[in-house]
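Student: After the structure tokens below, expect a handful of questions from me.
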Amino acid sequence: MKKNLLLLLGLLAATATFSHEADAGESCKDVKECIELASKLTNKKYIFQKNLQGGFESTENVEWNKDNVDTLLPIVLNQFNMARVQVSEDQYLLINDRDVRYHSFPIYKVKTNDVLDLPKTFDYYTLVVSLKNPEVAPSISRSLRPFMWRYGRIIENTLSGELVLMSTGANINNMFEYIKKFDQKPSKEALKKFERNLKNDQTNQHKNKEKTHDHKNTHKKGD
């Protein structure tokens, strides 16, 4: 009886140890190694350029597992100016993030009084925001452009009164908070001032284009 009890306790201890090891997180210190680890944990397939290299450091308690891999991998990719594009249910293409504007990403549509349920990760998304006050779309777009992610985009559709943002989920969530605050009925004076500034900017852009065109023609004549 005692032998059976000891054997049972031994089996339970071994099972607990095995379970702990199976659930224990893994780690990686190289971007390619992390991509391979992410694929192993999720069975997702990744296509990326040859000879991909790049090492990084992290604290010892950063462990990768099935629950956090889709948060950690985009962070690592972002550190090396990369992004992932989903091309099928379980396949992803890894691209340089300067090319994100040429690809399609999941689209979310909201109004400024909605709760934004968009992942706060470093994956890229597209957000379409319907404004309560369509006339402020150009002003909001212009004000927020400097705060967009490096290769993110924000454009306004003055006809529909919408803003379209393409950026990381983390950046879009931040921008949406600003958009909600800025979506206010402007005073007549503020609207006139903005329209005047916008017109001046457009005039200056037109003049700069003319100068560039004249400069090119001068060089051609000199040749």
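Student: Name the residues in the range 182-206 that are among the basic types (Lys, Arg) and modelled with pLDDT of 70 or more, would you?
Tutor: Matches in the range 182-206: Lys185, Lys188, Lys192, Arg196, Lys199.
Student: Restricting the search to the range 153-183, which residues are among the small types (Gly, Ala, Ser) and in contact with a Phe, Trp or Tyr (Cβ under 8 Å, 6 or more places away or on another chain)?
Tutor: Ser167, Gly169, Ala170
Student: So Leu37 clears everything in (1) in a helix (DSSP H, G or I); (2) of a type outside the set (Gly, Ala, Ser); (3) closer than 20 Å to Gly169 by Cα except one condition, right? Which one?
Tutor: For Leu37, the failing item is (3).
Student: If I filter the range 158-171 for residues that are touching an Asp or Glu at 6+ places or on another chain (Cβ under 9 Å) and assigned to a loop (DSSP other than H, G, I, E, B), do I get at least one hit?
Tutor: Yes, some residue in the range 158-171 is touching an Asp or Glu at 6+ places or on another chain (Cβ under 9 Å) and assigned to a loop (DSSP other than H, G, I, E, B).
Student: Looking for whichever is of a type in the set (Ser, Thr, Tyr) and at pLDDT below 95 here; the options are Ser130, Ser143. Which one fits?
Tutor: Exactly one residue qualifies, and that residue is Ser143.
Residue by residue, here is whether (1) among the hydroxyl-bearing types (Ser, Thr, Tyr); (2) loosely packed, with under 12 Cβ neighbours inside 10 Å; (3) at pLDDT 95 or above; (4) over 19 Å from Asp99 (Cβ atoms) holds:
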residue	(1), (2), (3), (4)
Asp23	no, yes, no, yes
Cys28	no, no, no, yes
Val31	no, no, no, no
Thr42	yes, no, yes, yes
Asn51	no, yes, no, no
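Student: Same structure again: In the set Ile179, Ile107, which member is modelled with pLDDT of 95 or more and surrounded by fewer than 15 Cβ atoms within 10 Å (Cβ to Cβ)?
Tutor: Ile107
Student: Can you find a residue in the range 80-88 that is touching a Cys at 6+ places or on another chain (Cβ under 9 Å) and surrounded by 13 or more Cβ atoms within 10 Å (Cβ to Cβ)?
Tutor: Checked against the condition, which is being touching a Cys at 6+ places or on another chain (Cβ under 9 Å) and surrounded by 13 or more Cβ atoms within 10 Å (Cβ to Cβ), the range 80-88 yields no hits at all.
Student: Here's a follow-up. Considering only residues that are touching a Lys or Arg at 6+ places or on another chain (Cβ under 8 Å) and in a helix (DSSP H, G or I), look in the range 69-97 and name the one that is nearest to Ala38 (Cα to Cα).
Tutor: Among residues in the range 69-97 that are touching a Lys or Arg at 6+ places or on another chain (Cβ under 8 Å) and in a helix (DSSP H, G or I), the one nearest to Ala38 (Cα to Cα) is Leu73.
The values are calculated or read from the model by the stated rules, or taken from the named source; none is laboratory data. What you see is a predicted model, and the numbers here were worked out from it, not measured in a lab. Neighbour counts are summed over all protein chains in view; Cβ atoms, including those assigned to glycine, are modelled from backbone coordinates with ideal geometry.
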